[in-house]
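The values are calculated or read from the model by the stated rules, or taken from the named source; none is laboratory data. This structure is a prediction, so every number in the text was calculated from the model and none was measured. Here the Cβ positions follow ideal geometry from the backbone for every residue, glycine too, while neighbour counts run over all protein chains shown. The protein model used for the area step is the full one, side chains on, heavy atoms only, and it has no ligands, DNA or RNA in it. Shrake-Rupley method; radii C 1.70, N 1.55, O 1.52, S 1.80 Å.
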Amino acid sequence: MKKSSIQEIKERFDNDVERFSNLETGQVATIDATISLELITEASKRIVPNAKNVLDVGCGAGNYTLKMLSKVPNLNCVLIDLSLPMLDRAFERVSAETNGKVEIKQGDIREVDLKENSFDIILAGAVLHHLRDGEDWETTFTKLFRLLKPGGCLMISDLITQDTELLNEYTWQRYGEYLEGIGGAEYRQKVLDYIEKEDSPRSMNYQLDLMKKVGFSKVEILHKNMCFGAFGGIK
């Protein structure tokens, strides 16, 4: 199947701002979204307690930055997303919660121009699964590493696969059952079809190994439940 283009992904999120402005509705198909959000932001606070600058990659309506600000107040925030309506909502919500500078950048993290060694914390919530081939993954992780200050952290909450195909089939079967329990068989098929069309997730092991390859000094697993995980690395 031909995967969604960047433009198609942008248009989908342009039309879904209200749902993603609410953690409960925006993440209903994501197992343990609230737990993962808490873990990656609390871990970031503990790793960089005196953080000043946060980058939110694929920020959506700003939920991850808002949670981060509840842990470390008055951060300077740079918000990146493909969708301008999402960015506008994120800017409005985040600006109300920090005395720091809030900057929005519309575009793809692979192309947006940012200063290296300038962020204490980078949050990537439900976004990296849109990367495609191995080169795409490595160049993006390399860029994120370079954007961090020494001692800074990249924290990820995302859709993942398993390296062992039998276990991958099992976890996706379980996830399908979870979706059916939420919204019935039609909802299950709708979500799985959209994942097949739009997403290219990689395993947590793959991403942790890639972090080590591009230079992260430490990597950590915070949480894993079937095909969702929370994890990260320290520069």
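Table for the structure above
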{"item": "Dipole of the chain [Lys/Arg +1, Asp/Glu -1 at C-beta], most positive-end residue of Ser203, Ile31, Ile109", "result": "Ile109"}
{"item": "Gyration tensor (alpha-carbon) shape descriptor, region 21-103, a/c threshold 1.5", "result": "oblate"}
{"item": "Euclidean distance of C-alpha centroids, region 174-202 and region 113-144, integer Å", "result": "26 Å"}
{"item": "Value in Å of the Kirkwood radius, where the chain supplies the Cα pairs that are averaged", "result": "17.8 Å"}
{"item": "Three-way shape label, region 134-235, alpha-carbon gyration tensor, a/c 1.5", "result": "prolate"}
{"item": "DSSP bridge pairs, the chain: antiparallel proportion in percent, nearest 5", "result": "40 percent"}
{"item": "Computed label-point distance, nm, for sites Ile6 and Lys105 using a 7 Å Cα→Cβ extension", "result": "1.3 nm"}
{"item": "Dipole magnitude of region 42-157, debye to nearest 20 (Cβ charges: Lys/Arg +1, Asp/Glu -1, about Cα centre)", "result": "520 debye"}
{"item": "Assigned charges on the beta-carbon of Lys, Arg, Asp, Glu; the chain dipole about Cα centre (debye)", "result": "920 debye"}
{"item": "For region 142-235, accessible area per residue (1.4 Å probe, heavy atoms of protein chains only), Å²", "result": "48 Å²"}
{"item": "Relative packing of 112-124, 189-201, which averages over residues the other C-beta atoms within 10 Å, highest first", "result": "112-124, 189-201"}
{"item": "Exposure ranking of Glu169, Glu135 by accessible area [1.4 Å probe, largest first]", "result": "Glu135, Glu169"}
{"item": "Accessible surface of region 51-176, 1.4 Å probe, proportion on carbon and sulfur as whole %", "result": "48 percent"}
